[in-house]
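The values are calculated or read from the model by the stated rules, or taken from the named source; none is laboratory data. Only a predicted model underlies this, so the values are computations on that prediction, with no experimental measurement involved. Because the Cβ atoms are built from the backbone with ideal geometry, glycine has one as well, and the counts that use them run over all protein chains shown. For accessibility, only protein heavy atoms count, side chains too; no ligands or nucleic acids. Shrake-Rupley method; radii C 1.70, N 1.55, O 1.52, S 1.80 Å.
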Amino acid sequence: MQNGKHMMIGILKETYPGESRVAFIPSSVERLVKKGARVTIQTGLGASIGISDEEYTKAGATLESSRSSILSSSDIMLRLRKPPIEEVSQLKKGSIHISFLDPFNEKTLVEALAQNQISAFSMEMIPRTTRAQKMDALSSQANLAGYVTVILASERLPKIFPMLMTAAGTIAPARVFIIGVGVAGLQAIATAKRLGARVEAFDTRPVVKEQVQSLGAKFVEIDLGETGQTAQGYAKALTPEQLEKQRQGMAKVCSQSDVVITTAQLFGRRAPVLLSKDMIAQMKPGTIIVDMAVESGGNVEGSRLNEEVVTTNGVRILGMGNLPGRVAVHASQVYSANLHNLLEEYWDKETQAFKINLDDEIIKGALITHQGQIVNEMVKNIK
């Protein structure tokens with residue numbers, strides 16, 4: 001890798017339809033410039049969240065209107081979404097590319113990155129360890145998505161969330177049921193509680209019961225026998241028998257709920273179906289279901305990406321994609337911090353360059369392609 005004094009970091013505008021988040025904000029640019037990096041951004045990078053080009057240049061960035069010029073001259077390319085495959089061949093040979101990559105579903109893209117000698121990092125693959133927390137973009141985005149689900153549901157529910165004692169009588173609080181208590185689920189619980197709802201939650205990992213209760217929600221007990229979590233802290237996949245038991249236990253709570261939010265996603269695999277049509281048929285008219293896993297197959301039978309489906313019994317299923325994009329200012333802020341924290345962790349002061357240490361556990365987890373090869377063990381084994 002070249003001497004860092006000339007190491008150029010390039011950031012492009014996102015081209016994915018409807019994407020308003022931005023990969024990098026001026027405060028992050030400033031931090032890298034102070035470390036000796038040159039940062040070039042595409043003109044209009046921050047327009048979708050109200051950040052002017054002038055704010056970037058003040059922070060030390062250079063403006064460039066030509067997308068292909070940034071692609072071909074950057075030593076490190078930073079993005080939010082995975083790159084369009086036609087841009088991979090334009091990247092500088094031997095350069096570093098950091099973004100979400102969806103590597104389990106993007107075999108052709110991963111192979112193209114390897115063939116073009118790109119060292120590609122996938123932000124989904126940052127390990128869930130204490131040291132990596134500040135770089136964990138999946139968690140930072142899921143946290144905001146959990147908040148958004150509750151706001152979307154509250155807007156559509158024909159009831160208010162809090163209990164109210166009024167001269168005209170008492171209004172009972174809305175009942176919110178959250179299925180899956182990861183980062184998103186915990187934020188959904190906290191947000192629903194702040195709005196005054198009565199909140200219940202379920203997860204296959206009994207270890208989260210305490211966290212649910214500490215937020216003032218009730219943990220729903222369903223005896224599934226042996227469950228647990230992976231070394232990374234994700235829920236383990238259930239057997240068909242366990243899934244059936246879980247559905248029966250949840251059906252009862254769902255039928256009494258005003259809002260049901262499902263957050264269960266399996267790492268690198270299709271999301272499990274948790275709410276069947278039969279369960280939805282037992283729910284009250286006007287109930288709102290938010291399917292957070294709609295982009296990876298969906299937890300709710302009948303949910304459709306970017307659509308609001310009303311069932312024959314009057315239940316509304318929201319399958320909105322890109323939930324963090326609805327709070328794009330803060331989603332960009334935390335993603336940008338995740339990126340600069342990753343760069344700073346491996347920035348060599350002497351050479352002023354980003355150093356890839358193949359023995360480091362975070363690099364080992366997140367580096368997908370390097371020196372013409374697919375180097376990540378999990379991705380390598382995809383059929």
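Would you say Gln117 is in contact with a helix residue (DSSP H, G or I) (Cβ under 7 Å, 6 or more places away or on another chain) and open to solvent by 60 Å² or more (accessible area, probe 1.4 Å)? Spelling it out, it is not the case that Gln117 is in contact with a helix residue (DSSP H, G or I) (Cβ under 7 Å, 6 or more places away or on another chain) and open to solvent by 60 Å² or more (accessible area, probe 1.4 Å).
The set of residues in region 239-273 that are open to solvent by less than 60 Å² (accessible area, probe 1.4 Å), part of a loop (DSSP other than H, G, I, E, B) and of a type in the set (D, E, K, R) contains only Asp258. Looking across region 120-131, the residues that are outside any strand (DSSP E or B) and either aliphatic (A, V, I, L, M) or crowded, with 24+ Cβ neighbours inside 10 Å (or both) come down to Met123, Met125, Ile126.
Summed over region 274-285, the residues that are surrounded by fewer than 22 Cβ atoms within 10 Å (Cβ to Cβ) and touching a residue at least 40 places away in the same chain (Cβ under 8 Å) give a count of 0. The single condition among (1) without any contact (Cβ under 8 Å) to a residue 60 or more places away in the chain; (2) open to solvent by 60 Å² or more (accessible area, probe 1.4 Å) that Phe100 does not meet is (2).
If you go through region 346-383 and keep only what is farther than 20 Å from Ser99 by Cβ, open to solvent by less than 80 Å² (accessible area, probe 1.4 Å) and in a loop (DSSP other than H, G, I, E, B), you end up with Thr351, Gln352, Asn357.
Here are Lys134, Lys107: which of them is over 22 Å from Leu12 (Cβ atoms), modelled with pLDDT of 95 or more, open to solvent by 30 Å² or more (accessible area, probe 1.4 Å) and among the charged types (D, E, K, R)? Quick ask: steps written out before the conclusion?
On the way: Lys107 fails: modelled with pLDDT of 95 or more.
Step by step, each of Lys134, Lys107 is checked, and only Lys134 is over 22 Å from Leu12 (Cβ atoms), modelled with pLDDT of 95 or more, open to solvent by 30 Å² or more (accessible area, probe 1.4 Å) and among the charged types (D, E, K, R).
Residues that are closer than 19 Å to Ala184 by Cβ, touching a residue at least 24 places away in the same chain (Cβ under 8 Å) and under 22 Å from the mean Cα position of the chain (by Cα) occur at least once in region 237-256. Of the residues contained in region 207-221, one or more are found to be in contact with a helix residue (DSSP H, G or I) (Cβ under 9 Å, 6 or more places away or on another chain), at pLDDT 95 or above and more than 22 Å from Ala153 (Cα to Cα).
Inside region 1-107, counting only strands (runs of 3 or more DSSP E) that do not spill past its ends, which hold 3 or more residues that are closer than 14 Å to Ile118 by Cα and of a type in the set (A, V, I, L, M)? In region 1-107, 76-78 are the strands (runs of 3 or more DSSP E) which contain 3 or more residues that are closer than 14 Å to Ile118 by Cα and of a type in the set (A, V, I, L, M). Cβ-Cβ under 9 Å, sequence separation 6+ or interchain: first residue in region 365-383 and hydroxyl-bearing (Ser, Thr, Tyr), partner open to solvent by 50 Å² or more (accessible area, probe 1.4 Å) and not in a loop (DSSP other than H, G, I, E, B). Which pairs? What qualifies is Thr369/Glu111; Thr369/Gln115. Here Ser74 meets the list (1) at positive phi; (2) in contact (Cβ under 8 Å) with a residue 40 or more places away in the chain almost entirely, failing just condition (1).
Here is a yes/no grid of residues against (1) at pLDDT below 95; (2) among the hydrophobic types (A, V, I, L, M, F, W, C):
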residue	(1), (2)
Thr311	no, no
Ile317	no, yes
Val329	no, yes
Gln333	no, no
Asp348	yes, no
Ile362	no, yes
Leu367	no, yes
His370	no, no
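Of the residues contained in region 155-165, one or more are found to be open to solvent by less than 30 Å² (accessible area, probe 1.4 Å) and in contact (Cβ under 8 Å) with a residue 40 or more places away in the chain. Assessment of region 186-204 against the conditions (modelled with pLDDT under 95, in contact with a strand residue (DSSP E or B) (Cβ under 8 Å, 6 or more places away or on another chain), farther than 17 Å from Asp291 by Cα and crowded, with 17+ Cβ neighbours inside 10 Å) yields at least one matching residue.
Take the conditions (1) open to solvent by 60 Å² or more (accessible area, probe 1.4 Å); (2) at pLDDT 95 or above; Val39 misses just one of them, which is (1). Residues in region 4-32 that are open to solvent by 50 Å² or more (accessible area, probe 1.4 Å), in contact with a Gly (Cβ under 8 Å, 6 or more places away or on another chain) and without any contact (Cβ under 8 Å) to a residue 60 or more places away in the chain: Lys13, Glu30.
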